[in-house]
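What follows is calculated from the coordinates using simple rules that are stated; it is not laboratory data. Small disclaimer: the values here were computed from a predicted structure and weren't measured. Cβ coordinates were reconstructed from backbone atoms using ideal geometry, including for glycine residues, and neighbour counts include every protein chain displayed.
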Amino acid sequence: MSYVVGIDLGTSAVKVIAVDRTGRVQAEVSRSYPLHHPKSGVSEQNPGDWVEKTLDALHELTKEIPASDIDGMSFSGQMHGLVLLDEQYQPLRPAILWNDTRTTEQCRTIEEQVGKERLLEIAKNPALEGFTLPKLLWVKENEPDLYEKATLFLLPKDYVRYRFTGELYMDYSDAAGTLLMNVSEKTWSDEIASRTGISRSLCPPLIESTERVGAFKDGLVEGLTNVSVFAGGADNACGAIGAGILEPGKTLCSIGTSGVILSYEEDTDLTVDGKIHYFNHGKANAYYTMGVTLSAGQSLSWFKEQFAEDTPFEELLSDLDDVPAGSNGLLFTPYLSGERSPHADALIRGSFIGIDASHTRKHLVRSVLEGITFSLNESLAIFRESGKEIDEIVSIGGGAKNDSWLQMQADIFNATVTRHESEEGPALGAAMLAAFGCGWFPTLEACADSFLKVKKQFTPNDENVKAYHKLFSLYQSVYGQTKELNQKLNEYRI
């Protein structure tokens, strides 16, 4: 039997899976690593932790399946994170992550130097705190001695792949999230780099997600020497591949630490207004539009850690169906780390609206899930307003592990929600890139046809659809009515 390995380098943990030629996951190992928030708005990780924990996971994986039967491996990774390397390609500082919001000033600088409209024309995205270019400017302005020592920057999974192969590359799907790439032309933008004062020499060579970048180095994991390693892609691009979002009309809901609504695109000249993102797909010469909720699964994790630390998630969610749609008049907005789509606002913060003495923990839990789903529905509404017909949505990630939440998604989205037999998401997408790269299938679509099977579908409940339609309008009003309050509260945040 032969296998391919998919490695998903997430924000809180790395997941490594081994998949056979039928698409069945034969082994899975996860390892967590710390996330550092030394003060409000700052989010960093030690790149060495990613390497150590991924190698540890691979060691464990090869105890379950023979290393000699692994044909290839590929990567999925958290987007936007800045890994700044010196001339020996060693990290100069902790990685600044996608959910770090310290770069508001640098975003305004980019808008002034490049121009908002010109930035959308080239990079297809606005200047937001999460992207990589503002992080580069922040280091240049606040840590100039470190910046002067920089030779190259990479994104998280690219650094891990470099440590495994010795080869330095970045794929188009991840590079699209840096704000330094011309998305349509698939080249680094000399115009953006020169106008913002960033040296083009810091940008690594670009490559397709399906391309072989090298072989696994000797001495890291016994038996894996010379295994083919393929570039891989951004976690959202890999999540799309792993869910079969490979042709027009296909839409994805992915709920992990952040949440994503993603739809396949073929148009290289699509006009975007900055409310949603437009990135290169992991499939060659394809794209996707995407809306992002920064604190999706993170909102549920935060609630559990603060108010139900010793309660398993399954138990915490077991009473969802005992609470009607609307959580007995309670709304939650999941703005724990600011928001991205459609409100690009680093200062907005979350709210519980309507709490009274009748509310119990189960009401708060349901309102958190409803708030996360309402936030994702804001992006879905933009897709529909642009003329897209969305009747079916594939759901992956933590939001696909609970039937009650999946039914809630169907009711709020007013669409059939599909869960596949495999819920591995980006890790499976990475494995599919390796399977295609190894020649197991002629196309990614053929791989998806073989690997992906529907496990269960959830259709909208008409009564709940009507209730949620009214509640969604109330939810949408909360941002505007709390924006000024949160701006004033910001001076009190440490």
For segment 3-243, what's the relative contact order in percent, using C-alpha pairs closer than 8 Å and at least 6 residues apart? 20
Hey, with R₀ at 45 Å, roughly what FRET efficiency would residue 454 and residue 105 work out to, going by the Cβ-Cβ distance, to 0.05? 0.40
Which whole-number percent is the relative contact order of the chain (Cα, under 8 Å, 6+ apart)? 16
In straight Cα distance, which aspartates and glutamates are under 15 Å from residue 124, not counting same-chain residues fewer than 8 positions off? 111, 174, 185, 191, 265, 266, 267, 269, 273
By how many nm would the segment from residue 35 to residue 118 grow when fully extended, if each residue of separation counts as 0.36 nm and the alpha-carbon distance is taken off? 26.4 nm
Per-residue HN-Hα couplings for segment 42-51 [Karplus 6.51, -1.76, 1.60; θ = phi - 60°; Hz; x = Gly/Pro]: 9, 9, 9, 9, 8, x, x, 5, 4, 5
Peptides 473-480, 485-492 ordered by average Cβ neighbours within 10 Å, highest first: 473-480, 485-492
Assertion target for 311, 54, 109, 257, ordered by fewest C-beta neighbours within 10 angstrom first, is 311, 109, 257, 54
Report relative contact order for segment 385-494 in percent, whole number only (criteria: Cα-Cα under 8 Å, sequence separation at least 6). 28
Give the order of 372, 96, 122 when sorted by the count of other beta carbons within 10 angstrom, beginning with the fewest. 122, 96, 372
Net charge (Lys, Arg +1; Asp, Glu -1) of residues whose beta-carbon lies under 14 Å from that of residue 86, residue 86 excluded, is -2
Given H placed on each backbone N at 1.01 Å, which residues far from residue 96 in sequence or on other chains put an amide H within less than 5 Å of it? 82
The size of the Cβ-based charge dipole (Lys, Arg +1; Asp, Glu -1) of the chain about the Cα centre, to the nearest 20 debye, is 480
Karplus-derived HN-Hα couplings along segment 7-12 (A = 6.51, B = -1.76, C = 1.60, θ = phi - 60°), whole Hz, x at Gly and Pro: 10, 10, 8, x, 6, 10
Applying the Karplus parametrisation 6.51 cos²θ - 1.76 cosθ + 1.60 with θ = phi - 60° to the phi angles of segment 210-217, what ³J(HN,Hα) value in whole Hz is obtained for each residue in order, glycine and proline being reported as x? 8, 7, 6, 9, x, 10, 5, 6
Starting from the Cα-Cα distance between residue 490 and residue 355, subtract it from 0.36 nm times their residue separation and give me the gain in nm to one decimal. 46.3 nm
Calculated from DSSP H runs of 4 or more alone, at -39500 (n - 2.57) each and per residue, what is the 222 nm mean residue ellipticity of the chain, nearest 500? -11500 deg cm²/dmol
Rounded, prolate or oblate (a/c below 1.5 giving rounded, otherwise prolate when a/b exceeds b/c) for segment 150-291 by Cα gyration tensor: oblate
21 Å Cα-Cα threshold exceeded, pairs from 39/275; 135/250; 39/488; 186/283: 39/275; 135/250
Prolate/oblate/rounded label for segment 1-97 (Cα gyration tensor, a/c 1.5): prolate
Farthest positive-ward along the chain dipole, Cα basis, beta-carbon charges - from 251, 91, 55: 91
Considering amide H positions built from the backbone, and no H for Pro or chain starts, which residues 5 or more places from residue 393, or on another chain, come under 5 Å of its amide H? 416, 417, 418
For residue 148 and residue 311 in one chain, what is 0.36 nm times their gap in residues minus the Cα-Cα distance, to one decimal in nm? 53.9 nm
In nm², what is the average projected area of the convex hull enclosing the Cα atoms of the chain? 21.6
Arranged from highest to lowest average of other beta-carbon atoms within 10 Å per residue, in what order do the peptides 83-93, 221-231 appear? 221-231, 83-93
Burial-style ranking of 68-79, 429-440, 280-291, average other-beta-carbon count within 10 Å with highest first, yields 429-440, 68-79, 280-291
